[in-house]
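The values are calculated or read from the model by the stated rules, or taken from the named source; none is laboratory data. Predicted, not measured: the structure shown is a model, and the values here were computed from it. Please note: Cβ atoms are built from the backbone with ideal geometry, for glycine as well, and neighbour counts cover all protein chains shown. All accessible areas refer to the heavy atoms of the entire protein, side chains included, with ligands and DNA or RNA removed. Shrake-Rupley method; radii C 1.70, N 1.55, O 1.52, S 1.80 Å.
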Amino acid sequence: MNTMGFLIKVRKLYLRIPPKMRIIVLVLGIAILAAAGIGIKNQVMSRGSEGGNDYLTGDGNKVIDNNDNADGTRNTDEAIPKEVIVVIDPGHGGEDLGAYNGTLYEKDINLDISLKLGKLLEELGVNVVYTRKTDVFVDLDPRVDLANKLDATLFISVHSNSMPDNSDYRGTETLYCPPANPKYSKMDGKKLAVIVQKELVKTLGTVDNGIIERPNLAVLRKTVMPAVIAEIAYISNPSDRAKLSDDSFRKKAAQALANAVMKALDEMGAVVDENGTYTIIVD
């Protein structure tokens with residue numbers, strides 16, 4: 001039945017109603033139409049206020065904004081970038097001299113290279129934290145605890161080596177510990193060690209002793225982030241000792257380590273945000 005036919009039929013039914021009842025029917029009809037109009041208005045307003053950026057397309061299909069899931073729930077699993085923190089650990093310190101030859105102490109060499117490294121990284125915009133910045137003794141567990149509590153991105157421990165029974169032995173090596181539960185899919189201690197070793201040997205021209213697995217060392221075993229110990233050169237070897245005594249060599253060592261850190265961060269997907277801060281997504 002078309003619209004005109006329907007209206008004619010309604011009119012005929014209306015005229016059959018006794019005159020006194022027509023007014024009542026008319027009033028009821030107006031009330032019903034008014035109520036229906038208010039309901040439609042409220043539904044439209046409700047959609048507009050509750051939907052945020054949601055809207056309806058011309059065919060009535062709902063389009064969900066970027067923060068909603070298909071089932072209408074909010075997406076709370078989005079990865080949030082965290083600031084990159086590099087912990088620099090100058091080995092030994094205070095009464096713990098480390099390796100030495102005469103008045104050349106490993107603790108001093110380690111601290112000098114570490115401070116130079118930290119300055120280079122800070123100039124690049126990387127947040128750096130030291131386990132020590134002066135000639136003080138810090139036990140192993142507090143070093144680890146500091147890095148873990150900070151949820152650091154990388155841990156770089158700087159050392160010099162010694163082999164008193166074989167003064168001919170020299171060169172550079174990087175120590176690591178295979179992680180039980182890698183924090184990052186793109187980086188772990190071994191991968192970091194490879195990068196650090198390559199940069200040190202290339203920059204310093206020292207003998208390449210390779211990377212060495214050392215799971216018994218606390219600062220490598222107990223840290224939860226990728227961690228290495230960079231053994232720059234041998235104090236017990238005359239040639240290496242002369243290099244370690246040279247400030248320009250220490251600057252090169254610091255630069256090599258800085259290059260390695262930046263390459264590692266790049267492989268991990270670290271980026272600089274709008275505030276100039278290095279951030280990374282933990283996967």
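Brief remarks on what is shown
- Close Cβ contacts (under 8 Å, 6 or more residues apart or on different chains) running from residues in the stretch 201-221 that are of a type in the set (K, R) to residues that are surrounded by 15 or more Cβ atoms within 10 Å (Cβ to Cβ) comprise K202/A256; R214/L175; R214/Y176; R214/C177; R214/L220; R214/I229; R221/C177.
- Residue, surrounded by the most Cβ atoms within 10 Å (Cβ to Cβ), within the stretch 178-197, restricted to residues that are touching a Pro at 6+ places or on another chain (Cβ under 6 Å) and over 30 Å from R241 (Cβ atoms): M187
- For E106, the requirement of being loosely packed, with under 14 Cβ neighbours inside 10 Å and either in contact with a His (Cβ under 6 Å, 6 or more places away or on another chain) or farther than 16 Å from V228 by Cβ (or both) is not met.
- Selection within the stretch 219-240 - more than 17 Å from I88 (Cβ to Cβ) and either surrounded by fewer than 16 Cβ atoms within 10 Å (Cβ to Cβ) or of a type in the set (D, E) (or both): P238, S239, D240
- Per the listing L200, L204, L175, the residue uniquely surrounded by fewer than 23 Cβ atoms within 10 Å (Cβ to Cβ), under 27 Å from L104 (Cα atoms) and at pLDDT 95 or above is L204.
- Filtered residues of the stretch 113-168 (kept if open to solvent by 50 Å² or more (accessible area, probe 1.4 Å) and among the hydroxyl-bearing types (S, T, Y)): T134, S167
- Residue within the stretch 242-253 that is surrounded by fewer than 17 Cβ atoms within 10 Å (Cβ to Cβ), modelled with pLDDT of 95 or more, of a type in the set (A, V, I, L, M, F, W, C) and farther than 25 Å from D139 by Cβ present: yes
- Count - residues of the stretch 100-140 that are among the acidic types (D, E), closer than 30 Å to D165 by Cα and either part of a helix (DSSP H, G or I) or in contact (Cβ under 8 Å) with a residue 40 or more places away in the chain (or both): 4
- Hits in the stretch 75-103 - residues which are open to solvent by 30 Å² or more (accessible area, probe 1.4 Å), more than 26 Å from V224 (Cβ to Cβ) and not acidic (D, E): N75, L97, Y100, N101, G102, T103
- Count of the stretch 230-251 residues, restricted to those that are aromatic (F, W, Y) and touching a strand residue (DSSP E or B) at 6+ places or on another chain (Cβ under 7 Å), is 1.
- Members of the stretch 73-123 found to be at pLDDT 95 or above and among the small types (G, A, S), listed by number: G91, G93, G94, G98, A99, G102, S114, G118
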